[in-house]
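Input: a single structure, listed below in structure tokens.
What follows draws every value from the coordinates through simple rules; no lab data is involved. These numbers come from a predicted model, not from an experiment. Methodologically, a virtual Cβ is constructed for each residue, glycine included, from the backbone with ideal geometry; neighbour enumeration extends over all protein chains shown.
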Amino acid sequence: MHDSVDPTREEIVTLQTHVLQEKRRQADASGTLSWILSALSISAKIIAAQLRRARLENVLGAAGAENVQGEQQQKLDVIANNVLMRALGARDGVMVLASEEAAEPVVITENHGQERGYCVLFDPLDGSSNLDVAGGVGTIFSVLRHDRRSSRTEDSVLQPGDRQVAAGYVFYGSSTVLVLTTGEGVDMFVLDTSIGAFIRVERGLKIPATGRCYSLNEGNRQSFPAGYRAYLDWAQQNGYSSRYVGAMVADVHRTLLQGGVFMYPPTEKAPQGKLRLLYEANPMAMIIEQAGGQASDGTGRILEVQPTALHQRTPVVLGSSAEVARVMECLVPSPEAGAA
Ligand code: P6P
């Protein structure tokens, strides 16, 4: 005998319904941001479908070119980038697109009339080197309003992360998960491929306040600044676990759901860290802070950094508040600690 299900308790909310609900809550919303989020959703579905068939259709492996980062582009990096450029470039309200795969921002339109347009920045396929081993990869996105004070339209992307109006990621793992914030909490959606829709599975997601797990590439330990090495000694003496996929979306997604701390410290090879501020660190920092966690560049909030270049990099320490605080105690010992 099935318990009677109260139909009003089991509301089925798709990403589209959720976006429309959010728009209705914001009196001045014109719907342009909703259109942009819809384009990101369509892009995610297309990319997910491409990834699932990559090995079968021989689109794995290197594309035979390097991106602006000097990294070997994977074929699917190029495919994912093209999908996002096409889907977003056709949407009313998009003024500038910026991608990890493009040296410069792409200006879609110089003027969006009265209403301010938007800039969308993205890493189309983060962690793509994991693809050849069927590992988790992701798309990371950040949405800013166009800054009319910018002398050049493309410079509008150089805004601190605090100015993001939306941010999130798509994790292509055992399921395709989209995690989104528009500044009022974090919501999570899972793609139901049988109906081609993202279904909301978490509303107001919060990161656990603690988590006895750290996530970083320990192969770089010898070139970490001393404070990071001191933290690792402390964590290992206190029974912490280590988890590291090598794809930021996978590592941050696990940290968001289970707690802990994810880091990419400065190294000799990457003195400013490896991760990019505008389309990796900022969107992830907004998600983590909106979920109640913290995101630092090792000295201060990532979201307060004033960018000076599209592809600039930053150290990253993000996750559960208590765990980030512990790392910061090692990086920036308090005067009391020195006196103790
Ligand atoms: P490493 C993937 O190449 C990436 O940009 C991030 O997704 C990931 O967190 C990091 O680099 C991994 O870098 O040096 O540990 O392989």
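Given H placed on each backbone N at 1.01 Å, which residues far from THR176 in sequence or on other chains put an amide H within less than 5 Å of it?
LEU191
In terms of modelled amide H atoms, which long-range or inter-chain residues lie less than 5 Å from the amide H of ALA270?
Counting only residues 5 or more places away or on other chains, the set is empty.
Take a quick pass over the chain and tell me how many lysine pairs come in under 29 angstrom between Cα atoms, counting only ones 8 or more apart or on separate chains.
Here the count comes out as 8.
Give or take rounding to whole Å, what are the principal axis extents of the alpha carbon atoms in the stretch 220-306, in descending order?
Here the spans come out as 31, 29, 22 Å, largest first.
Is the chain rounded, prolate or oblate when judged by the Cα gyration tensor, a ≥ b ≥ c being the square roots of its eigenvalues, rounded requiring a/c under 1.5 and prolate requiring a/b larger than b/c?
Rounded, because the longest to shortest axis ratio a/c is under 1.5.
In terms of modelled amide H atoms, which long-range or inter-chain residues lie less than 5 Å from the amide H of VAL165?
Amide H to amide H, under 5 Å and 5 or more residues apart or across chains, VAL165 pairs with VAL143, LEU144, ARG145.
When Lys and Arg each count +1 and Asp and Glu each count -1, what net charge do the other residues less than 12 Å away from ALA65, Cβ to Cβ, add up to?
Every neighbour counted, the sum reads -3.
Which order do the peptides 35-45, 220-230 come out in when sorted by mean C-beta neighbours inside 10 angstrom, highest first?
Taking the mean over residues of other Cβ atoms within 10 Å, the ranking is 35-45, 220-230.
What are the semi-axes of the equivalent ellipsoid of the stretch 92-251, taken as the square roots of 5 times the eigenvalues of the Cα gyration tensor, listed largest first and rounded to whole Å?
33, 22, 17
Which length gain, in nm to one decimal place, applies between ALA62 and ALA209 when the Cα-Cα distance is subtracted from 0.36 nm times their residue separation?
48.9 nm
What ³J(HN,Hα) values, in whole Hz, does the Karplus curve 6.51 cos²θ - 1.76 cosθ + 1.60 give for the stretch 119-126 when θ = phi - 60°, with x put for Gly and Pro?
So the J values, rounded to whole Hz, are 10, 10, 10, 7, 9, x, 8, 6.
Using θ = phi - 60° and the Karplus form 6.51 cos²θ - 1.76 cosθ + 1.60, what ³J(HN,Hα) does each residue of the stretch 207-216 get, whole Hz, x for Gly and Pro?
Using θ = phi - 60°, the values come out as 6, x, 5, 9, x, 7, 8, 10, 9, 6 Hz.
What are the membrane-span-like helices in the chain by this rule: whole DSSP H runs, Cα extent along the axis at least 30 Å, mean Kyte-Doolittle hydropathy at least 0.0?
Within the chain the helices that satisfy the rule are 32-52.
So which trypsin sites (Lys or Arg not before Pro) in the stretch 128-174 end up in coil per DSSP with only 14 or fewer other C-beta atoms within 10 Å?
Passing both the DSSP loop test and the Cβ count: ARG148, ARG149, ARG152.
Provide THR255, THR139, THR308 in ascending order of the number of other Cβ atoms located within 10 Å of each residue's Cβ, fewest first.
Arranged by neighbour count, lowest to highest, THR255, THR139, THR308 become THR308, THR139, THR255.
Per-residue HN-Hα couplings for the stretch 293-309, Karplus 6.51 cos²θ - 1.76 cosθ + 1.60 at θ = phi - 60°, whole Hz, x for Gly and Pro?
Along the stretch 293-309, the couplings run x, 10, 9, 10, 9, x, 10, x, 5, 4, 5, 9, 5, 8, x, 10, 8 Hz.
Apply the Debye scattering formula to the stretch 15-202, with a single equal point scatterer on each alpha-carbon and no solvent, then give log10 I(q)/I(0) at q = 0.08, 0.14, 0.15 Å⁻¹.
Debye curve over Cα of the stretch 15-202, log10 I(q)/I(0) at q = 0.08, 0.14, 0.15 Å⁻¹: -0.25, -0.78, -0.89.
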